[in-house]
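Asker: I have a structure I would like to understand better, so I am pasting it below and will then ask my questions one at a time.
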Amino acid sequence: MKYFLDSIFKAPFRTLGKTLGIALVVPLFLLSQLLTSSLPAAYAQSSSQSPTLSPRQVVEYALTLEKLEADFYRRAVRATQGGSLAGVPEMAKSILVSYGQDEAQHVTDLSAVLLTLGGNPDGVTIPANPNYNAILKRDPFANPTDLLMAGQYVEDLGVAAYKGQVQNLLLAGEAGKVVLAGALEIHSVEARHAAGIRFLRQTLLKADVRPWVRNASEVIYQENRDNSPIPFSNEAFDGYATREEVLALVSPILTAQTSSVSQSDTSNNQSNPSNNQSENPTSFPAPVQGLW
Amino acid sequence: MLVGMPEILMAQGGSNLKTLTFSADDNGILNFALLLEELEAAFYPAVLKSGKITNSKEIDYLTALGNHEATHVRFLRGVLGTNTLFETKDLSLNQSGLNALLSDRTKILNTAVTLEDLGVHAYNGAGPSLTNPTYILAAGSIVSVEARHAAGVRALLDRPSTETVSDRLVKDADLNASMNPFMGRAYDELYTPKQVISAVGSLNILNNPINGSLVA
């Protein structure tokens, strides 16, 4: 039960360490030093809170995650076309294609919104070959079991990441209204994706999992929150993650690959026409190198 | 665990039906969400009682969904406190309308999809109108669970987890454009409370009159 695990994993570091390996604690610590933005607002019932990220910063952050998700699905789909995942059932293949199309649509539309906010969507980049091995400490495209496990982690984290920004966008007032609406439109679709992958794992792999999160140990972010008026430890409520927490988790993936993995593919550059770390205009910290 | 039948299923449709008046503010929105949760919380126990669902996985899912919705009801009532607009016993279900939705497995699961999809669009639509930051986080923590429900039941039916264009309860042309920067399968559009009430009405399960500035 989630409330039982709550008592075990009160410290977020321990929850993260449980699933992704203790090595994540190190980048989390480093990032906490590197990030320039202030800590997120406390979740108090005060109406005098101020946003910790501007709508434009939220879009840049979301676009990074969406580019990563879209890239992840592109590689997964490619691996089903004669590669290591050629044997996955049609039901799973069509879902990977469909979800990948959704993420690509999010990239397109968030890019357009970022332009209207004065930002540069092409400047929000991911490495040509993200280090997806960081998710499970092995190639997630090597077999269906690992692919779906990694996909579940990524989608659940996406849900929590969008949820973690709704207060910032609300507190931005009129300036945040369009981005808030767009974020809400995406947030629940990510939840549908997460549920769909969970259903595949339960149905195809006989995994002990459901479309919803039954247990804090199922996710790589901190599901349970003490001192919140919202009972996140109950499975009827999904948890959130702050930008700092999410970036700490994805930072090892955003680390440029220095050695080849089985799915490394430079042809992916077409999706990142100006993939150049030096052009990155966001406030993201430089990828932490060499920790893996 | 579900203990007995919810009060709402015992309610009698009398001549003195309580009119539900939703104000266009945080309290009105939370009460509106409560109404949707009450309908969902009433539906799932009725489904299980009908005996029409026999597959163990489907029973497992629908039992969990019923528990989640009952939890949402308790949570919202707790948050609203003295601002709660109605008690569960004030709601009057149309028994023949409800029975029509319980005719067979396919009808039941498709109705569950409709209720869950509608809940998603309703919470999304209400979000930007909330003023209390804690409320929008709470709504967010609930709406993604409703989306997981929708996707899960859709999967039981071999329906796509996201909504295809033909699958939507409100067509693009009828959506409030200013509320919806994005449209299409990759998005769960924002429905106005009025659109949600119209969709609820088409299910023919609630007898109470509904009005107020929120749904005008």
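Any read-out appearing in this document is the output of simple, stated calculations on the displayed coordinates, not a laboratory observation. Small disclaimer: the values here were computed from a predicted structure and weren't measured. So basically every Cβ, Gly included, is an ideal-geometry build from the backbone, and we count neighbours across all protein chains shown.
Asker: Place a label point 7 angstrom from the Cα of A:Val97 along the Cα-to-Cβ direction, then list the residues of segment A:173-211 whose backbone nitrogen is under 14 Å away.
Answerer: It comes to no residues whatsoever.
Asker: Right, here's the next one. Peptide A:210-218: average number of partner chain Cβ atoms within 10 Å per residue?
Answerer: 4
Asker: Ranked by Cβ crowding within 10 angstrom, fewest neighbours first, how are B:His121, A:His106 ordered?
Answerer: Taking fewest neighbouring Cβ atoms as first place, the list is A:His106, B:His121.
Asker: Need one number: nm distance between label points at A:Asn227 and B:Ser202, each 7 Å from Cα along Cα→Cβ, rounded to one decimal.
Answerer: 4.7 nm
Asker: Now a separate question. Excluding same-chain residues fewer than 8 positions from B:Lys89, which lysines have a Cα within less than 20 Å of its Cα?
Answerer: B:Lys89 reaches B:Lys18, B:Lys49.
Asker: Turning to a different aspect of this structure: Rounded to the nearest 0.05, what FRET efficiency is calculated for B:Ala24 and A:Ala175 with R0 set to 30 Å and r the Cβ-Cβ distance?
Answerer: Rounded to the nearest 0.05, the efficiency is 0.85.
Asker: Also: Calculate the mean, over all residues of peptide A:238-246, of how many other protein chain Cβ atoms lie within 10 angstrom of the residue's Cβ.
Answerer: Mean number of neighbouring Cβ atoms from other chains: 2.
Asker: For A:Lys206, list the lysines whose Cα falls under 18 Å from its own Cα; do not include residues on the same chain fewer than 8 positions away.
Answerer: Candidates past the 8-residue exclusion: A:Lys93, B:Lys57.
Asker: Restricting things to alpha carbons, tell me how big segment B:21-215 is in terms of Rg and Dmax, in Å.
Answerer: Computed over the Cα atoms of segment B:21-215, radius of gyration and Dmax are 15.9, 44 Å.
Asker: Can you give the relative contact order of chain B as a percent, counting alpha carbon pairs under 8 Å and 6+ residues apart?
Answerer: 31 percent
Asker: Between B:Asn176 and A:Thr108, how high is the FRET efficiency from 1/(1 + (r/R0)^6) when r is the Cβ-Cβ distance and R₀ = 25 Å? Nearest 0.05.
Answerer: The calculated FRET efficiency here is 0.70.
Asker: Report, in deg cm²/dmol and to the nearest 500, the calculated mean residue ellipticity at 222 nm for chain B, where each DSSP H run with n ≥ 4 adds -39500 (n - 2.57) and the sum is divided by the residue count.
Answerer: Dividing the helical sum by the residues of chain B leaves -18500 deg cm²/dmol.
Asker: Fewest to most neighbouring Cβ within 10 Å: what's the order for A:Arg56, A:Arg138, A:Arg201?
Answerer: Placing the least packed residue first, the sequence is A:Arg138, A:Arg56, A:Arg201.
Asker: Further question on the same structure: Where does the charge balance sit around B:Arg154 when Lys and Arg score +1, Asp and Glu -1, over other residues with C-beta under 10 Å from its C-beta?
Answerer: Summing Lys/Arg as +1 and Asp/Glu as -1 gives -3.
Asker: At a 10 Å Cβ-Cβ cut-off, how would you order B:Ser161, B:Ser23, fewest neighbours first?
Answerer: B:Ser23, B:Ser161
Asker: Still on this structure, please answer the following. For peptide B:113-123, what's the mean number of Cβ atoms from other chains within 10 Å of each residue's Cβ?
Answerer: Mean shielding by partner chains, rounded to a whole number: 1.
Asker: With each label point set 7 Å from Cα along the Cα-Cβ vector, what nm distance links B:Thr106 and A:Lys137?
Answerer: A separation of 4.9 nm, rounded to one decimal place.
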